Each structure stands twice: as structure tokens, then as C-alpha cells.
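S.K.: Sharing a structure with you now.
The values are calculated or read from the model by the stated rules, or taken from the named source; none is laboratory data. No experiment lies behind these values; they were computed from the predicted model shown. In this analysis, Cβ positions are derived from the backbone assuming ideal geometry, glycine residues included, and neighbour counts consider all displayed protein chains.
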Amino acid sequence: MLSILIPTYNYDITSLVSEVHKQAQKAEIDFEIICFDDGSKAEINSKNDSINQLNSCKFKELPLNIGRSAIRNLLANEAHYENLLFIDAGTFPKKDTFVKDYIPFMAKEASSGGMTYLEKEPEPKYRLRWIFTKKREHNTLCSSNFMIKKKVILNITFDESLKQYGYEDVLFFETLRKNNIDVFSFDNPVIHDCLDDCLTFLKKTEFAIQNLKFLSENRKLDKTQSNILKYYYILSKLKFVSFTTFLFKLMNPVLKMNLCSKFSSLILYDFYRLGYFCSIKNKTK
């Protein structure tokens, strides 16, 4: 009935798997849990190997890193049931009825319970990731927690030209929309642990902006799907791209100082993303 699919990279997912396994058993449904580590070669996988001792569960470390899109496609191909529930490492169900609450929506082609944030504000070095989840990702459509029919995702796959972090989910859900596949959203979130420190999150942000540049240049996403693209084209028309790039590079140390503090500002984070996008676009001109 339900294949629960968890992609991971260098992360202890034993608590997450134990929880969804317990919930699936309590829901009295046929299920399997398949977890793939994306070739991290991490010591933590000695803990994750214990997942194989649970009934209807499988953990496997891939020999090579294949990327966030490809690992989701691989998990979908490995699944035995028609309903696929994707959950990301680094999240945890908010409700103890999380699995059961998905069952009424199995008739739909796709559904998502959303993501939420830790109630307690973390220490400053983790605050940027936490406030981004709280203000921007809270209850939004995301690949960290969604269910989809296997036949749908085998037909409309994640774009494997994207190897690194960022925008693979935006592109995937946009492709579903263009193919008239509605994703039903309801209140059944996972909690993001927000364990990326500020500098790690900023590096991931830069990877994501690089993906956005690739997607826009290959006409896979446009300014209607991204505010970064929208404001970049405004700056471009006003001939302000070079100035924004200069300002971004000049202010970079100050931006990072703020973003890594307890006063981290999402407005400054938005400028960081836009400024970085302008800087890498300028390099190609």
C-alpha cells in the first residue's frame, strides 16, 4: 500500500525511521521503508545499518554520490507499492498519526503535509536556517514531505541534470503543475531540525543559486517561479546588475556577520541571494 522513501547524506536517520516504522505498524497497512545514503562514506552509516534489522525496512549506502534528484528517482524505481511517501533526513513527524493521516489522501495523485519549525529558537549560528524555515518554508509545498503515485513520478521525474542542492523540488512541482497534476496540501507537517549552521546554509544557498542560473539559462524556470529571477530582470533593465554585484562583494563580510548572528535578517539574506546571483551572471557576460 505505502512505500516510505528516505534519501539521506551523512545523517543519522535511525530515530526518524523508528518513528515512521512504529506509526506504519500502528496504522495497520502494508508498507515498506527504503532508505538510501547518497554515497557519503560516513561513519554514521554504521548506525543506519541497524535499520535493516527492522521488518519491511531497507538501508543502503550508494557507492557513488548521484545527487538529490537522481536518488529520489532511484528510490521511486525501487519502491514496490503504488503510493510513495518521501520524507527527508533532518526532519521528524510533528504528529504521532503522521503516517495514518496520509491514508485518506491515497486516492489523489499527489499530496503534501508541509514542513514546520522547532518551537525553541536555536543558538545564533543556527538561527538563519531556523528563521528561514519559520518564515518562508512553514507550511509550504516541499519535497521534504510529500506523497505521490508511483506511476506519476516514473513519468515526471526529478531533473537529474541538477546534481547539487537547490531548486530541484521547485522544478519538480512546477513540472507537475504544467502537466495538470495538482498537489493537495494539508496540515500534516514534518519538523525541520535546522542543524545547518549559518556558513553551511550560505554555502548551500550558493549551490541553489548556481542551479537557478542553470535552470533559467536552459529555460526550465522563469521569473514567474522565482523572485530572484524577477528582481534580477528588473535590475538588468535598470542597468543596475554591475552595481548590485559591486555592492554585494563590498558588503559580503558585513552580510555574513549579520546572518550568523542572533539578529540575522531575512531581508539581508534575500539581498545575499540576489547579489550572489548577479555576481555569477556577471561572470558569464
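S.K.: Considering only residues that are more than 15 Å from Asn145 (Cα to Cα), in contact with a Leu (Cβ under 8 Å, 6 or more places away or on another chain) and either modelled with pLDDT under 95 or of a type in the set (S, T, N, Q) (or both), which ones fall in the stretch 1-26?
M.R.: Ser18
S.K.: Do the conditions hold for Phe263, that is, is it exposed (fewer than 13 other Cβ atoms within 10 Å of the Cβ) and outside any helix (DSSP H, G or I)?
M.R.: On the way: exposed (fewer than 13 other Cβ atoms within 10 Å of the Cβ): yes; outside any helix (DSSP H, G or I): yes.
Considered against the rule, which asks whether it is exposed (fewer than 13 other Cβ atoms within 10 Å of the Cβ) and outside any helix (DSSP H, G or I), Phe263 comes out as yes.
S.K.: Can you tell me which of (1) modelled with pLDDT under 95; (2) closer than 22 Å to Leu212 by Cα is the one Pro122 doesn't meet?
M.R.: (2)
S.K.: Identify all residues within the stretch 232-243 that are crowded, with 19+ Cβ neighbours inside 10 Å and within 28 Å of the chain's Cα centre (by Cα); write none if there are none.
M.R.: Scanning the stretch 232-243 gives a single hit, Tyr232.
S.K.: Then there is this: Considering only residues that are farther than 16 Å from Leu141 by Cα and either outside any loop (DSSP other than H, G, I, E, B) or not assigned by TED's automatic domain parsing to the domain that holds Asn48 (or both), which ones fall in the stretch 93-109?
M.R.: Phe98, Val99, Lys100, Asp101, Ile103, Pro104
S.K.: Separate question: Tell me, which residue of the stretch 157-197 that is in contact (Cβ under 8 Å) with a residue 60 or more places away in the chain and among the acidic types (Asp, Glu) is surrounded by the most Cβ atoms within 10 Å (Cβ to Cβ)?
M.R.: Checking each candidate, the answer is Glu168.
S.K.: Okay, next question. I'm trying to understand the selection: among the residues of the stretch 52-61, which are closer than 19 Å to Gln23 by Cβ and either part of a loop (DSSP other than H, G, I, E, B) or basic (Lys, Arg) (or both)?
M.R.: Correct list: Leu54, Asn55, Ser56, Lys58.
S.K.: Scan the stretch 182-231 for residues that are among the small types (Gly, Ala, Ser) and under 24 Å from Phe92 (Cβ atoms) and jot them down.
M.R.: Step one: filter the stretch 182-231 for residues among the small types (Gly, Ala, Ser), giving 185, 208, 216, 226.
Within the stretch 182-231, Ser185, Ala208 qualify.
S.K.: If I filter the stretch 1-51 down to residues being assigned to a strand (DSSP E or B) and of a type in the set (A, V, I, L, M), which single residue comes out as farthest from Ile71 (Cα to Cα)?
M.R.: Among those that are assigned to a strand (DSSP E or B) and of a type in the set (A, V, I, L, M), it is Leu2.
S.K.: Tell me the residue from Ile29, Ile87 that is of a type in the set (Val, Ile, Thr), surrounded by fewer than 19 Cβ atoms within 10 Å (Cβ to Cβ), modelled with pLDDT of 95 or more and touching a strand residue (DSSP E or B) at 6+ places or on another chain (Cβ under 9 Å), please.
M.R.: Ile29 is the lone residue from the list that is of a type in the set (Val, Ile, Thr), surrounded by fewer than 19 Cβ atoms within 10 Å (Cβ to Cβ), modelled with pLDDT of 95 or more and touching a strand residue (DSSP E or B) at 6+ places or on another chain (Cβ under 9 Å).
S.K.: Right, here's the next one. Could you run through the stretch 139-157 and say how many residues are at positive phi and modelled with pLDDT of 95 or more? It would help to see each step written out before you state the result.
M.R.: Just the residues of the stretch 139-157 that are at positive phi, to begin with: 139.
Narrowing the set further to residues that are modelled with pLDDT of 95 or more leaves none.
Final tally of qualifying residues: 0.
S.K.: Mind listing whichever residues of the stretch 145-157 are part of a helix (DSSP H, G or I) and basic (Lys, Arg)?
M.R.: Across the stretch 145-157, the qualifying residues are Lys150, Lys151.
S.K.: Inside the stretch 158-250, counting only helices (runs of 4 or more DSSP H) that do not spill past its ends, which hold 2 or more residues that are on the phi > 0 side of the Ramachandran plot?
M.R.: The helices (runs of 4 or more DSSP H) meeting that bar number zero.
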